[in-house]
1. With the requirement that a residue be hydrophobic (A, V, I, L, M, F, W, C) and surrounded by 14 or more Cβ atoms within 10 Å (Cβ to Cβ), what does region 1-35 give you?
2. Considering region 97-116 alone, what residues qualify as being in contact with a Leu (Cβ under 8 Å, 6 or more places away or on another chain), outside any loop (DSSP other than H, G, I, E, B) and farther than 16 Å from Ala155 by Cβ?
3. Given the criteria more than 21 Å from Pro5 (Cα to Cα) and open to solvent by 30 Å² or more (accessible area, probe 1.4 Å), does Thr91 qualify?
4. Can you tell me which residue in region 129-179 is modelled with the lowest pLDDT, limited to those that are open to solvent by less than 70 Å² (accessible area, probe 1.4 Å), more than 20 Å from Phe110 (Cβ to Cβ) and not hydrophobic (A, V, I, L, M, F, W, C)?
5. So which residues in region 92-117 are more than 15 Å from Ala168 (Cα to Cα) and free of Cβ contacts under 8 Å to residues at least 12 places away in the same chain?
6. If you check every pair at least six apart or on different chains, which have Cβ atoms under 7 Å apart with a residue in region 48-74 that is within 23 Å of Asn171 (Cα to Cα) first and a residue that is of a type in the set (S, T, N, Q) and open to solvent by less than 60 Å² (accessible area, probe 1.4 Å) second?
7. Consider Leu111 carefully, then state whether it is touching an Asp or Glu at 6+ places or on another chain (Cβ under 8 Å) and not charged (D, E, K, R).
8. Exactly one of (1) open to solvent by less than 80 Å² (accessible area, probe 1.4 Å); (2) at pLDDT below 95; (3) under 20 Å from the mean Cα position of the chain (by Cα) is unmet by Leu123. Its number?
Amino acid sequence: PGVRPPQPASVTALAYGAPKWTPSTGPDRYRRSIYTFSKRTAAFAAYTVFDAPTGENCTAVRNRSNTPLQALTVLNDEMYLEMAQALARKTVEMQFASVEEQIKFVFRRFLTRPPTASELNMLLDYYSQQKLRLDRGEIDAGTIAGDDIAGDELAASEQAALSMVCRAIMNLDETITKQ
């Protein structure tokens with residue numbers, strides 16, 4: 001059966017019959033997107049943003065674009081936030097020797113290549129800046145890392161900073177439009 005990942009309620013509100021979209025729970029929530037429930041009059045929002053055909057016609061080749069809406073979706077959509085949180089959690093659980101090794105692992109997961117020295121340095125700087133902001137309390141670590149880590153402030157800020165690095169890597173042009 002089709003699954004229903006999180007998406008804005010306004011997407012289905014305008015569809016014919018205004019069907020209710022209740023996001024799936026448990027393991028179904030994270031099944032591959034090929035199993036996502038589809039309704040002709042209200043295509044799944046993430047598919048539309050990333051140039052997926054509507055399903056009304058057969059398409060041999062998909063259009064490929066890179067738009068500001070795609071960047072906003074990857075940075076703010078609940079589905080992508082959960083993806084970043086899950087990868088950060090998995091990376092922390094693997095107990096790498098350093099933050100550098102964690103970032104290399106995350107980078108390879110998205111881009112299937114190791115980061116260059118300059119890319120790694122930029123990501124390490126970004127991690128350090130975000131960790132500092134989290135430690136100062138400018139950003140709530142529990143919100144960024146996910147509620148399941150509440151209680152351990154240090155672990156929460158480290159996982160939250162890594163989640164933010166995951167989001168940055170997810171939003172690279174190379175990640176979104178793999179050639």
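1. As a first pass, look at region 1-35 and keep what is hydrophobic (A, V, I, L, M, F, W, C): 3, 9, 11, 13-15, 18, 21, 34.
Within region 1-35, Val3, Val11, Ala15, Trp21 meet the criteria.
2. Applying the first criterion (in contact with a Leu (Cβ under 8 Å, 6 or more places away or on another chain)) to region 97-116 yields 99-100, 102-104, 106-107, 109-111, 115.
Now narrow it down to the ones that are outside any loop (DSSP other than H, G, I, E, B): 99-100, 102-104, 106-107, 109-111.
Within region 97-116, Glu100, Ile103, Lys104, Val106, Phe107, Arg109, Phe110, Leu111 qualify.
3. Working: more than 21 Å from Pro5 (Cα to Cα): yes; open to solvent by 30 Å² or more (accessible area, probe 1.4 Å): no.
It is false that Thr91 is more than 21 Å from Pro5 (Cα to Cα) and open to solvent by 30 Å² or more (accessible area, probe 1.4 Å).
4. As a first pass, look at region 129-179 and keep what is open to solvent by less than 70 Å² (accessible area, probe 1.4 Å): 130-131, 134, 137, 139, 141-142, 144-146, 149, 155-157, 159-172, 175-177.
Those left that are additionally more than 20 Å from Phe110 (Cβ to Cβ): 131, 134, 137, 139, 141-142, 149, 155-157.
Among the residues that remain, those that are also not hydrophobic (A, V, I, L, M, F, W, C) are: 131, 137, 142, 157.
Values: Lys131: 95, Gly137: 90, Gly142: 85, Ser157: 90.
Checking each candidate, the answer is Gly142.
5. Start the filter on region 92-117 by keeping residues that are more than 15 Å from Ala168 (Cα to Cα), which leaves 92-101, 112-114, 116-117.
Hits for region 92-117 are Glu93, Met94, Gln95, Phe96, Ala97, Ser98, Glu101, Thr112, Arg113, Pro114, Thr116, Ala117.
6. Note: pairs meeting the criteria are Val49/Gln70; Val49/Thr73; Phe50/Gln70; Asp51/Ser65; Arg64/Thr177; Asn66/Thr177; Ala71/Asn171; Val74/Asn171.
7. On the way: touching an Asp or Glu at 6+ places or on another chain (Cβ under 8 Å): yes; not charged (D, E, K, R): yes.
Judged against the criteria, Leu111 is a match.
8. Evaluating Leu123 over (1) open to solvent by less than 80 Å² (accessible area, probe 1.4 Å); (2) at pLDDT below 95; (3) under 20 Å from the mean Cα position of the chain (by Cα) leaves (2) as the failure.
The values are calculated or read from the model by the stated rules, or taken from the named source; none is laboratory data. Because the structure is predicted, anything quoted here is derived from the model rather than measured. Using ideal geometry, Cβ is built from the backbone for each residue, glycine included, and neighbour counts are taken over all protein chains shown. Just so you know, the surface numbers come from the protein's heavy atoms only, side chains and all, with ligands and any DNA or RNA stripped out. Shrake-Rupley method; radii C 1.70, N 1.55, O 1.52, S 1.80 Å.
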